[in-house]
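First comes the structure, then the notes that go with it.
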Amino acid sequence: MDSNFYQIIASVFMMGLVGSGAHCIFMCSPIMAALSLNSQRRWLLTIGYNLGRIITYTLMGVLVGALGSWLAQRIGDLFQVQRVLTIIAILFMLLIAIHISGLFTALAPLERMGGRLWQKIQPLTRRLLPVKHLPGALALGGLWGFIPCGMVYSALSLSLATGDALEGGATMLVFGLTTLPVLTVIGVAAGELNRWLRNPWVKRIAGIIVAALAIWMFIGLMHKSAPDLNAPKHHAPMAEGRVRGGA
């Protein structure tokens, strides 16, 4: 793992943490409200739903990271491929920053494209409602992970930039875990928190933080130099006996 991966993890961690309250509430609050109707088991159902969602995110990260690895192998220049993929991820982060802030729905076209897949999956979610047990919450969360969401697409672009299946899965796992606190609280304590998270200034501050992370990643990328393939390689010294012609 190189410094680029740790920078990606730090970025996706902060993006999930600050963006979940400003963006995910609009995407996931209806299902969280439905889970909270079962007041006796709402904590268990909420955790089960979020666990299923995170599992889906992680599997998507593995697939996207594997795609990045395949691209690097096909092109034959891992550094340049990762550089291009990281620039794409940075652009996605800037778009989600604008999207979160509410200034412009920058990722709406991409979400509409993802909506085509969601139209096929959504009928399955209706069959799981109302949720009364943990397996149903896990299944519902797993399906809900496919909902068209600009935040998820931005995190997936970071997974793609890792150029590795395991690192891509780890990236999406971290993203899912950082969205867990806000969505869990929303599921069990709506009301005043939801109203606070919908405040335009809260969304704008979150957007500024994500944009700052994108700029930080770009600066790091510009300071990262390609490995010198022509540099002399240091070989282990030959055994003394062989130097002297011995066996």
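Scan segment 130-160 for residues that are in a helix (DSSP H, G or I), within 16 Å of G16 (Cα to Cα) and of a type in the set (A, V, I, L, M, F, W, C) and the total you get is 5.
Of the residues in segment 127-137, not one is within 29 Å of N4 (Cα to Cα), in contact with a Phe, Trp or Tyr (Cβ under 9 Å, 6 or more places away or on another chain) and either at pLDDT below 85 or surrounded by 18 or more Cβ atoms within 10 Å (Cβ to Cβ) (or both). Counting only helices (runs of 4 or more DSSP H) wholly contained in segment 161-247, the ones carrying 3 or more residues that are aliphatic (A, V, I, L, M) and at pLDDT 80 or above occupy 165-188, 200-223.
The set of residues from segment 62-115 being more than 18 Å from the chain's Cα centre (by Cα), under 17 Å from A212 (Cα atoms) and surrounded by fewer than 20 Cβ atoms within 10 Å (Cβ to Cβ) comprises G102, L103. Going through (1) of a type in the set (K, R); (2) part of a helix (DSSP H, G or I); (3) modelled with pLDDT under 90 one by one, R53 falls short only on (3).
Is it the case, given these coordinates, that L124 is modelled with pLDDT of 80 or more, surrounded by fewer than 16 Cβ atoms within 10 Å (Cβ to Cβ) and closer than 22 Å to G169 by Cα?
Numbers: modelled with pLDDT of 80 or more: yes; surrounded by fewer than 16 Cβ atoms within 10 Å (Cβ to Cβ): yes; closer than 22 Å to G169 by Cα: no.
It is false that L124 is modelled with pLDDT of 80 or more, surrounded by fewer than 16 Cβ atoms within 10 Å (Cβ to Cβ) and closer than 22 Å to G169 by Cα.
Test R116 against the criterion of being more than 30 Å from P200 (Cβ to Cβ) and not small (G, A, S), and give yes or no. So R116 fits the description; yes.
Among the residues of segment 64-84, are any farther than 16 Å from M151 by Cα, of a type outside the set (V, I, T), part of a loop (DSSP other than H, G, I, E, B) and at pLDDT 80 or above?
Looking through segment 64-84, none of the residues is farther than 16 Å from M151 by Cα, of a type outside the set (V, I, T), part of a loop (DSSP other than H, G, I, E, B) and at pLDDT 80 or above.
The values are calculated or read from the model by the stated rules, or taken from the named source; none is laboratory data. Note that the coordinates shown come from a computational prediction; the quantities given were computed from them, not determined experimentally. Cβ: placed from backbone, ideal geometry, glycine included. Neighbour counts: every protein chain shown.
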